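In what follows, a single structure is set out as C-alpha cells and then discussed.
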Amino acid sequence: MSSAMLRFGLLTIFTVLLSYSNLSDGLLQPRRISHGLSEGNKYLTRDELWFNQTLDHYSPSDHREFRQRYYEYLDFLRVPDGPIFLIICGEGPCNGIPNDYITVLAKKFEAGIVSLEHRYYGKSSPFNSLATENLKYLSSKQALDDLASFRQYYQDSLNVKFNRSRSVENPWFFFGTSYPGALSAWFRLKFPHLTCGSLASSAVVRAVYEFPEFDQQIGESAGPECKAALQETNKLVELGLKVNNKAVKALFNASELDVDADFLYLIADAQVMAIQYGNPDKLCVPLVEANKNGGDLVEAYAKYVREFCVGVFGLSPKTYSRKHLLDTAITSESADRLWWFQVCTEVAYFQVAPANDSIRSHQINTEYHLDLCKSLFGKGVYPEVDATNLYYGSDRIAGTKIIFTNGSQDPWRHASKQTSSPDLPSYILTCQNCGHGSDLRGCPQSPMVIEGDSKNCSSPDAVNKVRQHIIEHIDLWLSECRGGIRSSM
C-alpha cells in the first residue's frame, strides 16, 4: 500500500493478479502502500517482459498504444493445462514477482504466475510527462481493461507455445492486495468469464470521501496506553510548531515541508506504518515508556520515525512536499503524484481526523485534502466517490467467487467488505500483528517475509485457518472452471 500509499494506507505504500502497492507505494498517504521488498530470494523473477497495450479502451478512433511491463514464472506450471495465477500490481513500480504466500499456492495448484504492472506506474508510462492533461487515462476502469487485454494476449501466447488451438483456455485466478485487491474483486465482477475467481486481500472496494474510521482503528489497534501517548505526542508537536517551527521539522529531517499540515500528515502516517504492517511494538514500546517515565515524547517519536520509518522502511519526508508532488517529470518517485491523482479523482480515502478523540491533527481535514488536490491538478479535479461506488457496488459488490480477507489491526479494513456470504466469503485474520495483506505476506507484513510465513504472527493458527479456507475456495472454483472449459471445447 511509496509514501503516497501511506496516506492511502500508506493504501498504498502496497503485487499477483495479486496486487500490491510498495512501501514506496502503499504507505500511508491516500498515499500508497509499500512493502519493502528487496533483492535475492524475495523475488521469483525480475526478468522484464513487454506487451503493447491500448491507451484508451473506450475510444474506437484512438489506436495509440504504450509498452506495459509484465513478468512470468512458469517453473511450477503443470504443462500445458495448469492454472495461471495473475498477480495485479498497484500504485507503484512492479519490480518482479514477489516470493510470498502465492508461491505456496502456485506450488500446490501447479500454477504459472504472471504479474502486470499498472498503467502509468514504474516503467509502464504512456507519456513522457505527468502533466495533468496526460493523466486522463489513469483510472481503475482503464486498468481493468488492461488486465482483460493482457489476459487474452497471454493466453494466446501460451497456446502458441504449447502448440494448441486458440480456443483452448487455461483456468485463471486473480490475486491482489490493497488497491490491487480491489482491482482483483472488480475484475471478477466485470469480467467473470475471464477468471475462475479472485482473492481480494485487504481490498479497498469502498471508495470513501471522509474516512475518520482510519484514525479510530489506529487508536484501537495501538491500545489505550499507546493511543494516549500518541495523542499527547501530537499535541506537543503542534505546540512545538508554533514555538520553534524549524527546529521541530529538523528533528524529523523534514525541514523541506513548508506547509505545516503536510508535515503533520507525515507525523500521522508514520504512526500508521507500525500498526498497518504488523510492527506495533516498534512504535508503542518507546512511546509508552517515555510517557510513563516523564521522557521527551517528541524526541522518542522522532527517533522512531528516523530509525524505523526512514531507516528500515525507506519513508522519505520529501514525498509529502508539494514541490515534489507537482513534479511532472517521470522519475523513480513519480508514483506519489500518480496515486494522488487517483485519490483526487476516484476514491478519496481522505484520512480525516475524527471529530472526537482523534490521534492525528485536526488540520488533517477534508479542506486540507481538497486544497491539495486543487494545488496538484487544478480546479476541475474532484473525487467522484459516489460514481465509483455506484459503478462497482462498494462493499455491497454483487459479484461471485471472490474471497475477501482482512487483518484485524488494519485500518484499511473499514474500506473493504467484511461481511461474508456463500458467493463472497469474507475472513478476518485476528491477531495482534495481523495487518495489511497478512494472509499473503505473513507477519509482520513489511519488511517482506519469505513465502508469507505465519510463524511470527501472534496467532499463527488464526492465519493458517484463513489460508486453509482460501485453498478450499480456490480448489473448488478451479475445478468448476475446468469443468466448464471442458464442456465448451
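Taking the residues in the stretch 382-406 that are closer than 27 Å to Leu429 by Cβ and hydrophobic (A, V, I, L, M, F, W, C) as candidates, determine which candidate is most open to solvent (accessible area, probe 1.4 Å).
Ranking the qualifying residues of the stretch 382-406, first place goes to Ala398.
When residues of the stretch 179-195 are filtered for being crowded, with 24+ Cβ neighbours inside 10 Å and either part of a strand (DSSP E or B) or touching a helix residue (DSSP H, G or I) at 6+ places or on another chain (Cβ under 7 Å) (or both), how many remain? Even if it seems obvious, please write down each step before you answer.
Here is the first cut: in the stretch 179-195, the residues crowded, with 24+ Cβ neighbours inside 10 Å are 179-188, 195.
Next, only the ones that are either part of a strand (DSSP E or B) or touching a helix residue (DSSP H, G or I) at 6+ places or on another chain (Cβ under 7 Å) (or both) stay: 183, 186-187, 195.
Of the residues in that region, 4 qualify.
Given the condition under 26 Å from Ala302 (Cβ atoms) and not charged (D, E, K, R), answer yes or no: does some residue in the stretch 387-408 qualify?
Pass one, the stretch 387-408, residues under 26 Å from Ala302 (Cβ atoms): none.
No; the residues of the stretch 387-408 include none that is under 26 Å from Ala302 (Cβ atoms) and not charged (D, E, K, R).
Is it the case that Asn159 is open to solvent by 10 Å² or more (accessible area, probe 1.4 Å) and on the phi < 0 side of the Ramachandran plot?
no
Sort through Leu429, Leu478, Leu440 and tell me the only one that's open to solvent by less than 20 Å² (accessible area, probe 1.4 Å) and over 20 Å from the mean Cα position of the chain (by Cα). Write out each step before concluding.
Working: Leu429 fails: over 20 Å from the mean Cα position of the chain (by Cα); Leu440 fails: over 20 Å from the mean Cα position of the chain (by Cα).
So the residue among Leu429, Leu478, Leu440 that is open to solvent by less than 20 Å² (accessible area, probe 1.4 Å) and over 20 Å from the mean Cα position of the chain (by Cα) is Leu478.
How about the stretch 129-150: which of its residues are assigned to a helix (DSSP H, G or I), open to solvent by less than 10 Å² (accessible area, probe 1.4 Å) and over 22 Å from Asn389 (Cα atoms)?
Phe150
Can you tell me which residue within the stretch 265-322, out of those that are among the aromatic types (Phe, Trp, Tyr) and not in a helix (DSSP H, G or I), is least open to solvent (accessible area, probe 1.4 Å)?
Only one residue tops the list, namely Tyr277.
Quick one: in the stretch 41-83, which of the residues that are β-branched (Val, Ile, Thr) and touching a strand residue (DSSP E or B) at 6+ places or on another chain (Cβ under 8 Å) is most open to solvent (accessible area, probe 1.4 Å)?
Checking each candidate, the answer is Thr54.
Kindly check whether there is at least one residue in the stretch 44-56 that is closer than 18 Å to Pro98 by Cβ, modelled with pLDDT of 90 or more, out of contact with any Asp or Glu (no Cβ under 7 Å at 6 or more places or on another chain) and not in a loop (DSSP other than H, G, I, E, B).
Scanning the stretch 44-56, I find at least one residue that is closer than 18 Å to Pro98 by Cβ, modelled with pLDDT of 90 or more, out of contact with any Asp or Glu (no Cβ under 7 Å at 6 or more places or on another chain) and not in a loop (DSSP other than H, G, I, E, B), so the answer is yes.
Select from the stretch 337-381 the residues that are open to solvent by less than 10 Å² (accessible area, probe 1.4 Å) and over 22 Å from the mean Cα position of the chain (by Cα) and write down the one among them that is nearest to Leu264 (Cα to Cα).
Once the filter is applied, the top-ranked residue is Ser361.
Scan the stretch 242-256 for residues that are within 21 Å of Leu283 (Cβ to Cβ) and not aromatic (Phe, Trp, Tyr) and jot them down.
Matches in the stretch 242-256: Val248, Lys249, Leu251, Asn253, Ala254.
Pro126 is checked against (1) touching a Leu at 6+ places or on another chain (Cβ under 9 Å); (2) part of a loop (DSSP other than H, G, I, E, B); (3) under 15 Å from Val347 (Cβ atoms) and fails just one. What number does that condition carry?
(3)
Among what's in the stretch 84-115 and is open to solvent by less than 10 Å² (accessible area, probe 1.4 Å) and assigned to a loop (DSSP other than H, G, I, E, B), pick the residue that is nearest to Asp146 (Cα to Cα).
Of everything passing the filter in the stretch 84-115, Gly90 is nearest to Asp146 (Cα to Cα).
Ser416 - would you say it is modelled with pLDDT under 95 and either of a type in the set (Lys, Arg) or surrounded by 18 or more Cβ atoms within 10 Å (Cβ to Cβ) (or both)?
No; evaluated as a whole, the condition is false for this residue.
With respect to Phe174, is the statement that it is open to solvent by less than 10 Å² (accessible area, probe 1.4 Å), part of a strand (DSSP E or B) and closer than 16 Å to Ile88 by Cα true?
The answer is yes for Phe174.
The values are calculated or read from the model by the stated rules, or taken from the named source; none is laboratory data. Predicted, not measured: the structure shown is a model, and the values here were computed from it. All Cβ positions, even for glycine, are placed from backbone atoms using ideal geometry, and neighbour counts span all protein chains on display. For accessibility, only protein heavy atoms count, side chains too; no ligands or nucleic acids. Shrake-Rupley method; radii C 1.70, N 1.55, O 1.52, S 1.80 Å.
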